[in-house]
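Structure first, then comments.
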Amino acid sequence: MPLTSPYSGQKPPLPEPVESLRARIPGWGADLDHADRPAYPRESLDLRPAGARWDLPEQQRHDGYRERSIEHADLTPVFGTAQPLRGLSGRIRRLAYERWSEARTAHWLVLIAGDRVDVAAHALRSLATTRPDNPLTQTGVRAEVTHGGVTSRLGTGRTDLKHQWMDPIIVAGPWVAAGWPVYRLTRRALRAAGTLRAARRATATDR
C-alpha cells in the first residue's frame with residue numbers, strides 16, 4: 001500500500017474491502033457508522049479548516065536531513081528547527097527514525113537513549129567551563145534533605161514510588177560515568193609526577 005500524507009484532507013484507500021476486514025479482524029470498523037462515535041453529532045467530517053484555501057499547507061523549506069517517521073511519505077508541512085541533530089546523540093536519534101516505526105517500542109527506547117547521551121555530553125562539556133553544572137542543587141538532591149524528601153514519601157500513596165529506585169541511577173549515572181575517567185586520569189598523572197620527582201631527587205643525590 002503506498003504511503004499517503006496524513007496532513008491533507010485526502011483519505012487513503014483501504015487495503016481491502018470492508019467486508020473482508022470485518023471477517024478477518026474481530027471488531028474492525030466498529031465506528032464506521034458515525035452515529036456510533038462518541039463525538040456524534042458534533043463531529044465534523046470536513047477536514048479542511050474554516051477559511052483555508054489549500055488542501056495541504058505549503059511545505060516549510062529545509063536544508064539537509066530532517067527527522068521523519070518511516071510510515072510517513074513526507075515531512076510535516078511545518079516543523080521545529082531549534083534542536084538540530086548533532087554528535088553521537090544525533091546519530092542515535094536518526095537511527096530511531098530511519099529504522100523503526102513510531103508504533104514500535106524500540107523507536108521510543110532508542111530516542112530515550114539518545115536523550116540520555118545528550119544529557120551526559122552536556123554534563124561533560126560543562127566541566128570545561130568556568131561554571132560547571134552543580135549536581136547537588138540542579139538535580140534536587142539537596143532538596144531531599146532540606147525540604148522533607150523522605151517524609152513526603154511515607155503514607156502518602158504516591159504513585160511515583162514504584163520507579164524511584166531508578167532515579168539515583170538515572171540522575172547520578174552520567175556524573176559517575178563522567179567523573180570516574182577523570183579520577184583515574186588525575187590519579188595516574190599524580191603518580192607519574194611523583195615518580196618523576198623521585199627520579200630527579202635520586203639523580204641529584206648521585207651527583
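In a DSSP loop and with at most 15 other Cβ atoms within 10 Å, the chymotrypsin sites (Phe, Trp or Tyr not before Pro) in region 23-126 are Trp28, Trp54, Tyr65, Phe79. The alpha carbons of region 125-193 occupy a box of 55, 23, 19 Å along the principal axes, longest dimension given first.
Each Lys and Arg adds +1 at its Cβ and each Asp and Glu adds -1 at its Cβ; summed about the Cα centre, the chain shows a dipole of about 1980 debye.
Filter the trypsin sites (Lys or Arg not before Pro) in region 60-161 to those in DSSP coil with at most 16 other Cβ atoms within 10 Å of their Cβ, and list the result. Qualifying residues, ordered by number: Arg61, Arg66, Arg68, Arg86, Arg104, Arg158.
How long is the gain from Glu58 to Ile112 if the chain were fully straight, where each residue apart is worth 0.36 nm and the alpha carbon distance is subtracted?
16.3 nm is the gain from fully extending Glu58 to Ile112.
Using a cutoff of 8 angstrom between alpha carbon atoms and counting only pairs six or more residues apart, the relative contact order for the chain works out to 13 percent. Here the gap between His34 and Glu67, fully extended at 0.36 nm per residue and compared with their Cα-Cα distance, gives a gain of 8.4 nm.
At q = 0.09 Å⁻¹, what log₁₀ I(q)/I(0) does the chain have when each alpha carbon counts as one equal point scatterer in the Debye sum? Rounded to two decimals, the profile gives -0.73.
The length gained on full extension between Thr130 and Leu196, counted as 0.36 nm times the residue separation minus their Cα-Cα distance, comes to 20.7 nm.
When the chain is described by a simple charge dipole with +1 on each Lys and Arg Cβ and -1 on each Asp and Glu Cβ, the residue from Leu136, Ala82, Pro181 located farthest towards its positive end is Pro181.
Between Val78 and Leu154, the modelled label-to-label distance comes to 5.2 nm, taking each label 7 Å out from Cα in the direction of the beta carbon.
Starting from the Kirkwood radius over alpha-carbon pairs of region 91-150, derive D by Stokes-Einstein at 37 °C in a medium of 0.692 mPa s and give it in µm² s⁻¹.
Values: Rh = 13.9 Å.
Stokes-Einstein gives a translational diffusion coefficient of 236 µm²/s.
FYI, it's all coordinate maths here, none of it is from the lab. Being a predicted model, the structure only gives us computed values, none of them experimental. Here the Cβ is made from the backbone with ideal geometry for all residues, glycine too, and neighbour counts use every protein chain on show.
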